[in-house]
Amino acid sequence: MRSGFFFVLAIFGWVSCQTGSPPQEVVNVPDLESIYTRGASIAQSSQAALLEQVSRAITAGGPDFAVAFCHEKAGPVIDSLARANDCRIHRISDRYRNPSNQPANEAEFALMMDYFNRKIVGDTVLLSDNHPVFYRPIVLGLETCLKCHGQPGTDIAASTLEKIQERYPTDQATGYRMHDVRGLWKISFPVRAED
Ligand code: HEC
């Protein structure tokens with residue numbers, strides 16, 4: 001996938017030459033390596049924050065109680081990570097539980113499916129309106145995830161399912177198995193991300 005990004009950069013460079021643009025326009029092209037490094041570190045910290053919240057909540061009150069913790073209770077930690085790193089942090093999924101976590105457009109949906117079908121593994125950086133956006137797959141790596149995203153009736157207790165459906169009436173995020181790609185971290189940087 002990195003080669004795709006270099007291709008975009010190559011086109012950008014070519015257009016700049018064709019139009020004789022002044023060199024300062026080229027400065028806007030972000031430092032790719034720094035986006036990969038920063039994106040990876042932010043995604044890792046965000047994942048750790050969420051995992052800590054949800055594990056603590058499950059220990060305290062079981063999965064039914066923890067339904068409220070897979071996102072919003074970790075919100076302040078994620079928000080402060082976003083502020084400190086001058087970026088926006090989202091999770092997206094083709095089979096989203098919270099409709100605000102759906103892919104932003106068809107291209108992002110297609111990227112999500114390429115990850116789900118393992119056509120892509122690892123991290124990706126793409127340009128969206130000149131903004132570098134970092135993506136990292138969220139793989140269902142713990143049995144705990146199945147308590148809220150696995151098979152209803154076997155992995156997910158009836159009472160937990162009820163709590164989920166109460167809160168998310170259009171939920172699509174069940175029926176997953178271990179090691180499935182559940183979604184993507186999406187870290188969006190401003191144009192001059194290396195500043
Ligand atoms: C206690 C129940 C529970 C557990 C356990 C749980 N989740 Fe979730 N998950 C949720 C809820 C509720 C949401 C919706 C959060 C929101 O409103 O943004 C969610 C949302 C998500 C999303 C965002 C996309 C979407 O569907 O809205 C991802 C990705 C995700 N979970 C992955 C995981 C992974 C990976 C694990 C295991 C480490 C896990 N979850 C464990 C309840 C859970």
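The values are calculated or read from the model by the stated rules, or taken from the named source; none is laboratory data. These numbers come from a predicted model, not from an experiment. For neighbour counting, all protein chains shown are included, and Cβ atoms are generated from backbone atoms with ideal geometry for every residue, glycine included.
The residues of segment 141-156 that are within 9 Å of the ligand (Cβ to nearest atom) and in a loop (DSSP other than H, G, I, E, B), listed by number, are G141, L142.
Just give me the residues in segment 110-164 being at pLDDT below 95, farther than 15 Å from C70 by Cβ and of a type in the set (S, T, N, Q), in sequence order. Matches in segment 110-164: S128, N130. For G122, the conditions (1) more than 16 Å from the ligand (Cβ to nearest atom); (2) assigned to a loop (DSSP other than H, G, I, E, B); (3) farther than 18 Å from R38 by Cβ all hold with the exception of (3).
All conditions but one from (1) of a type outside the set (A, V, I, L, M, F, W, C); (2) touching a residue at least 24 places away in the same chain (Cβ under 8 Å); (3) within 11 Å of the ligand (Cβ to nearest atom); (4) surrounded by 13 or more Cβ atoms within 10 Å (Cβ to Cβ) apply to G175; the one that does not is (3).
Looking at Q102, Q165, can you tell me which residue is farther than 20 Å from L51 by Cβ, within 11 Å of the ligand (Cβ to nearest atom) and within 19 Å of the chain's Cα centre (by Cα)? Before the answer, list the steps.
Numbers: Q165 fails: within 19 Å of the chain's Cα centre (by Cα).
Checking each option against the conditions leaves just Q102.
Inside segment 57-111, residues that are closer than 22 Å to I164 by Cα and in a loop (DSSP other than H, G, I, E, B) make up a count of 10.
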